[in-house]
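Have a look at the structure below, then the notes.
The values are calculated or read from the model by the stated rules, or taken from the named source; none is laboratory data. Remember, predicted model here, so these are calculated numbers, not experimental data. Neighbour counts run over all protein chains shown; Cβ positions are idealised from the backbone, glycine included. Heavy atoms of the whole protein, side chains included, go into the accessibility calculation; ligands, DNA and RNA do not. Shrake-Rupley method; radii C 1.70, N 1.55, O 1.52, S 1.80 Å.
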Amino acid sequence: MKKNLFVLLLTLSFDYSFSQKQTNFWYFGTLAGLDFNSGAPVPLTTGAINTNEGTAVISDAAGNLLFYTDGELVWDKTNTQMPNGFGLFGDLSTTQAALIVPDPGNVNLFYIFTIGEEGGDLYYSIVDITLNSGNGDVTIKNTLLLTGMTEKLTAVHHCNNHDIWVTAHKAGSNTFASYLVTNAGINAPVLSSVGSSHTDVHGQMKFSTDGNRIACAVGYQDIVEFFDFDKITGNITNPFTLNMGHHAYGIEFSPDNTKLYTTYYDAGSISEVAQFDLTAANIPLSKVPLYQDPDPVMYALQLASDNKIYVTKEVTPFLSVINNPNTAGFACNYVNNAINLDPLGFGVMCMLGLPGFIQSYFNPDYPAIPCNTLAANFQASDTSICQNSCINFSDLSVGSATSWQWSFQGATPATAAVEDPVNICFAAPGSYTATLVISDGTYSDTVTKTITVFPAPVANAGPDVSIETGASVTLNATGGGTYAWSPPTGLSCTACQSPVATPGASTSYFVTVTDSNGCTATDAMSISVEMKCGNVFVPTAFSPNGDSENDQLYVMGNCITAMEFAVYDRWGEKVFSTTDQSRGWDGKKNGKELDTGVFVYYLKGTLQNGTDISFKGNISLIK
């Protein structure tokens with residue numbers, strides 16, 4: 001047992017039918033053994049094994065012992081070491097040192113997968129059961145698969161109930177690797193990097209009996225993790241972490257896969273076995289501590305063919321048992337020291353480990369375990385959005401779903417029951433989850449993703465101001481990284497923070513600010529252009545061309561109480577006159593447009609303060 005990890009999944013297939021009797025013989029600890037063929041565990045004292053931790057045992061479909069191993073040595077059904085059954089690269093101090101899997105292409109061949117301790121390597125060897133007068137022998141030994149492993153090793157059947165996934169975990173990593181072993185051999189691995197990096201290598205790993213989940217006890221990191229497992233592809237997804245507060249070692253699912261059991265300890269102070277309800281709305285709060293005993297420490301957990309879970313009691317002749325592991329709470333009936341492994345006083349003892357098996361052997365539907373082919377998945381039109389934005393969701397699930405249940409944390413609407421919901425709006429900034437549950441009426445699958453909502457910037461265009469005609473003012477916006485002003489009339493720049501404004505008339509200016517997240521906001525300010533009393537003038541040019549800009553000539557100024565304004569052509573003929581300041585000349589005489597030219601104007605008037613004014617000058621008519 002010790003540090004670092006990379007989970008390896010291997011798939012194997014075989015053509016003959018199995019029942020749960022392949023798990024009926026157990027050998028473990030110091031000369032300890034159990035026979036489950038009668039339906040209840042019967043202690044055995046004939047075993048040759050003497051190890052601290054994990055072992056592996058395989059029986060045939062009728063429950064007859066074939067062989068067993070501690071990861072270093074291999075013994076046959078007569079409890080005799082096979083002639084070549086030595087020197088395997090497992091270790092007596094590896095949590096799950098070995099695992100035996102039938103060869104998919106030959107009913108007489110078996111793989112032994114082994115892992116060394118403390119970041120050791122993963123190997124496989126092969127046993128031919130026809131050799132050595134039918135007692136079997138090792139033919140291929142220590143073929144390397146992966147280096148630098150945790151001490152975790154487990155297996156389950158593929159969705160087709162024919163192949164087998166074998167799973168290990170790499171040390172110092174969060175990567176799982178999956179190998180499909182066919183009649184032709186072991187294929188290249190499928191990799192899944194998910195969950196925490198296992199800097200500690202200790203603790204068991206198990207599949208649920210239906211193969212839809214996998215769980216790890218991560219030793220001195222004091223956590224338990226479980227994940228979804230895709231029995232078709234070998235991918236591992238959706239991590240969930242349980243913080244134990246103590247060193248985690250044993251792990252096991254209930255036969256119906258609704259409960260998760262674990263052991264955890266701090267040497268000399270606490271050793272406990274607990275149950276979690278995987279169907280609970282709040283799984284961490286569903287924890288039920290079943291039994292506590294500071295010494296001896298409880299370590300490995302293993303489901304048996306009698307549908308009970310057995311618990312090791314270190315350096316004692318006893319196993320404890322969970323009699324009804326499908327039942328919630330204390331009704332699961334944990335019994336301490338339930339099995340005496342040494343009724344004759346031969347020195348038989350439990351140590352830390354128990355034998356490992358293909359976990360689907362314990363499923364009541366084996367070898368025809370139903371397969372959930374649904375794989376929930378979706379895509380959002382955007383996963384990083386701005387406050388008060390709306391997005392759409394598209395279902396990308398695999399399988400033939402007939403119903404879709406969406407939930408959107410922090411959004412409006414908060415739920416939907418259509419395949420592709422649209423206009424899901426998020427009003428407040430934060431990190432929110434979007435969850436999709438799909439179902440085909442029999443099976444369901446769930447996927448959750450995160451939507452990040454950024455706060456909107458606060459745009460400020462500055463205060464409203466008043467200026468005199470012809471004057472300028474510097475505007476100053478705040479709240480963004482970039483700025484866009486409009487309208488452009490009278491501005492020195494439109495894509496700057498502080499343009500100089502020289503409007504010819506009162507104008508409202510708008511600024512749109514954009515922050516580093518791409519979020520925008522808009523604000524406005526107004527400039528009032530005022531003329532002092534007596535500041536009267538006539539523009540020197542105008543262009544009556546119908547473009548709605550400068551099409552008429554007006555007398556400009558304020559405080560005029562009376563005026564006479566007349567325009568003459570170069571021959572001295574009057575072409576326009578008015579006493580109304582609001583009436584402008586449109587460049588016509590008697591309704592007829594005049595040609596481009598220079599005209600003379602005369603202006604007389606009186607201001608509100610009694611001042612008389614008199615001006616004359618030239619006007620250019622431009623077309």
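List the residues whose amide H sits under 5 Å from the amide H of C386, counting only those 5 or more places along or on another chain, with H placed 1.01 Å from N in the peptide plane.
The list, which skips near neighbours in sequence, is F454.
How high is the FRET efficiency from T78 to N106, r the C-beta distance, R0 22 Å, rounded to 0.05?
Between T78 and N106 the formula returns 0.45.
Could you give me the ³J(HN,Hα) list for region 606-617, computed from phi with Karplus coefficients 6.51, -1.76, 1.60 and θ = phi - 60°, whole Hz, x at Gly and Pro?
10, 8, 4, 8, x, 6, 8, 10, 8, 9, 8, x
Would you mind calculating the gained length between N323 and A280 on full extension (0.36 nm times residue separation, minus the Cα-Cα distance), in nm to one decimal?
Gain on extension, N323 to A280, equals 13.3 nm.
What FRET efficiency do you get for H162 and S389 if R0 is 60 Å and r is their Cβ-Cβ distance, rounded to the nearest 0.05?
0.80
Across region 548-555, in residue order, what do the Karplus-derived ³J(HN,Hα) couplings come to in whole Hz, using 6.51 cos²θ - 1.76 cosθ + 1.60 with θ = phi - 60° and x for Gly and Pro?
For region 548-555, the Karplus curve yields 6, 10, 6, 7, 10, 9, 10, 7 Hz.
Just to confirm a number: summing +1 for Lys and Arg and -1 for Asp and Glu over residues other than N392 whose beta-carbon lies under 15 angstrom from that of N392, what do you get?
Charge balance in the 15 Å sphere: -3.
Sort 594-602, 265-273 by packing, meaning the average of other beta carbons within 10 Å per residue, with the highest value first.
With the highest mean Cβ count within 10 Å placed first, the list reads 265-273, 594-602.
Take the alpha carbon atoms of region 251-295, find their center, do the same for region 342-417, and report the distance between the two centers in whole angstrom.
20
Contour minus end-to-end for A48 and E530, with contour as 0.36 nm per residue of separation and end-to-end as the Cα-Cα distance?
Going from the current span to full extension adds 162.9 nm.
So which of K231/K313; K532/K589; K141/K206; K152/K287 end up more than 28 Å apart by C-alpha?
Pairs exceeding 28 Å: K231/K313; K532/K589.
Are there any GluC sites (Glu not before Pro) in region 480-581 that are in a DSSP loop and have at most 13 other Cβ atoms within 10 Å? List them by number.
In loop regions of region 480-581 (DSSP not H, G, I, E or B), the sparsely surrounded GluC sites (Glu not before Pro) are E549, E573.
Could you tell me which residue out of N340, Y265, Q302 lies farthest along the dipole of region 261-343 toward its positive end? Charges go on the beta carbon: Lys and Arg +1, Asp and Glu -1, centred on the Cα centre.
Farthest towards the positive pole: Q302.
Can you compute the modelled spin-label distance between E573 and Q292, with each label point 7 Å from Cα toward Cβ, in nm?
According to this spin-label approximation, the distance is 11.5 nm.
Calculate what fraction, in whole %, of the accessible area of region 258-316 sits on carbon and sulfur atoms when a 1.4 Å probe is rolled over the protein chains.
Result for region 258-316: 50 percent of the exposed heavy-atom area is carbon or sulfur.
Between T474 and N609, take the C-beta separation as r, use R0 = 25 Å, and let me know the FRET efficiency to the nearest 0.05.
My answer for the efficiency is 0.15.
Sequence neighbours fewer than 8 away in the same chain don't count; with that in mind, list the aspartates and glutamates whose C-alpha is under 16 Å from K592.
Partners within reach: D551, D569, E573.
When only C-alpha pairs under 8 Å and at least 6 residues apart count, what is the relative contact order of region 357-510, in percent?
So the answer I get is 17 percent.
Whose amide H sits under 5 Å from the amide H of G597, counting only residues 5 or more places off or on another chain, with H placed in the peptide plane?
Sorted by chain and number, the residues that satisfy this are L621.
If the chain between A62 and N333 were fully stretched, how many nm would it gain, using 0.36 nm times the residue separation less the Cα-Cα distance?
Net length gain for the segment: 94.6 nm.
Check the cysteines of the chain one by one and keep only those with no other cysteine Cβ under 4.7 Å from their own.
For the chain, the answer is C216, C332, C350, because their Cβ atoms have no other cysteine Cβ under 4.7 Å.
Express the accessible area of the chain per residue in Å², computed with a 1.4 Å probe while the remaining protein chains stay in the model.
That works out to 40 Å² per residue.
At a 1.4 Å probe radius, carbon and sulfur cover how many percent of the accessible area of region 48-183?
Answer for region 48-183 is 48 percent, counting heavy atoms of protein chains only.
Among 90-99, 497-506, what's the highest-first ranking by average C-beta atoms within 10 angstrom per residue?
Highest-to-lowest ranking by the protection proxy: 90-99, 497-506.
Taking amide H positions as placed in the peptide plane 1.01 Å from N, state which residues far from E252 in sequence (5 or more) or on other chains have amide H under 5 Å from it.
Y261
Quick one: Karplus J couplings for region 237-251, per residue in order, coefficients 6.51, -1.76, 1.60, θ = phi - 60°, nearest Hz, x for Gly and Pro?
9, 6, x, 9, 10, 10, 8, 8, x, 8, 5, 9, 9, x, 8
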